[in-house]
1. List the pairs whose first member sits in segment 215-232 and is at positive phi, whose second member is not in a loop (DSSP other than H, G, I, E, B), and whose Cβ atoms are under 7 Å apart, counting only residues at least 6 apart or on separate chains?
2. In segment 236-273, how many residues are farther than 24 Å from Leu135 by Cα and of a type in the set (Ser, Thr, Tyr)?
3. Between a residue in segment 138-158 that is over 9 Å from Leu98 (Cβ atoms) and hydroxyl-bearing (Ser, Thr, Tyr) and any residue that is in a helix (DSSP H, G or I) and open to solvent by 40 Å² or more (accessible area, probe 1.4 Å), which pairs come within a Cβ distance under 7 Å, given they are 6 or more apart or on different chains?
4. Those residues that are touching a Leu at 6+ places or on another chain (Cβ under 9 Å) and open to solvent by 80 Å² or more (accessible area, probe 1.4 Å), I need them from segment 199-239; list them, please.
5. Considering segment 244-265 alone, what residues qualify as being farther than 25 Å from Val119 by Cβ and open to solvent by 10 Å² or more (accessible area, probe 1.4 Å)?
6. One residue is enough: does segment 160-176 have a residue meeting the conditions assigned to a loop (DSSP other than H, G, I, E, B) and surrounded by 23 or more Cβ atoms within 10 Å (Cβ to Cβ)?
7. Quick one: Gly73 ticks every box in (1) in a loop (DSSP other than H, G, I, E, B); (2) at pLDDT 80 or above; (3) touching a strand residue (DSSP E or B) at 6+ places or on another chain (Cβ under 6 Å) except a single one, so which number is it?
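The values are calculated or read from the model by the stated rules, or taken from the named source; none is laboratory data. Remember, predicted model here, so these are calculated numbers, not experimental data. In this analysis, Cβ positions are derived from the backbone assuming ideal geometry, glycine residues included, and neighbour counts consider all displayed protein chains. Areas reflect the complete protein model, heavy atoms only, side chains present, ligands, DNA and RNA absent. Shrake-Rupley method; radii C 1.70, N 1.55, O 1.52, S 1.80 Å.
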Amino acid sequence: MGTSGIIFLTTHLCSPSNSVSFPSPWPWPLLPQLRASTRALPLSRIRSSVSSSTTTELTPDKLPTIDSSVTGGAYDFAKATTSLTNELISSPKKVTLLRHGLSTWNAESRIQGSSDLSVLTEVGEEQAERCKKALENIYFDQCFASPISRAKQTAEIVWQGREKPLVYLDSLREIPLYHLEGMTNGETASAQLENSDKAVDAKRIYPKEYTIWREDPANFIMNGRYPARDLWITARDCWKEMLLSPGESFLVVTHKSILRALICTALGLEPER
């Protein structure tokens, strides 16, 4: 639903296997479904539910050499072989990633970061309700969520009526942006912000920091930290915590930047991507 609404991405992550057989006929147009012939575990891979306008036909002779460290199946990426857990997981995991609904600071074009002052708008609540309805017939073993208000509210609405409690992970918190948080986002802010002390354009007050954050986030530094690089470390830790949890189907409710980090680390991509 755009840059400030709810988005979905579903990935399937599986444990590696040293022995692979190729089914016939080939069942997947983009990525092969590989079955382990000896341990009854699928080859470690990532399948995305997001459709693509281009189709790449993969055949067994085109696949890279597979070993037990492989966890990524996105063969278009040279580095998509980084283990997310460094150990076997007990079963395939289906992970559905969900961003929070429209928040007050989304609507006001403010930089949110890890601030807990931004909450869902009425539109955001309606988005979460529609999301709940869309997911009502899908079983999830667990729901992991960020404890920050806008994501927490979204998760509470989407998960309402399910038996198991929500699991809040600090590793799903949004990236901290320190003194940029609360400032306007270099865009036209809402009319009600015109007389606000916080109606300050971050691009105008901190032009260097803002430009680096927008154009080269991997090298963005603030308060002696590299927030994007730290976020990649957090994302790897978060994957390990989730994938080693019991269950096979997980819902994850969090924020835009940590979602990007989760997807990129699953594909073996560094912060520069």
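1. From segment 215-232, the pairs are Asn223/Tyr178.
2. 1
3. Within 7 Å, the pairs are Ser146/Lys152.
4. Result: Arg236, single match.
5. Leu244, Ser245, Pro246, Gly247, Glu248, Ser249, Ile263, Cys264
6. yes
7. Of the numbered conditions (1) in a loop (DSSP other than H, G, I, E, B); (2) at pLDDT 80 or above; (3) touching a strand residue (DSSP E or B) at 6+ places or on another chain (Cβ under 6 Å), the odd one out for Gly73 is (2).
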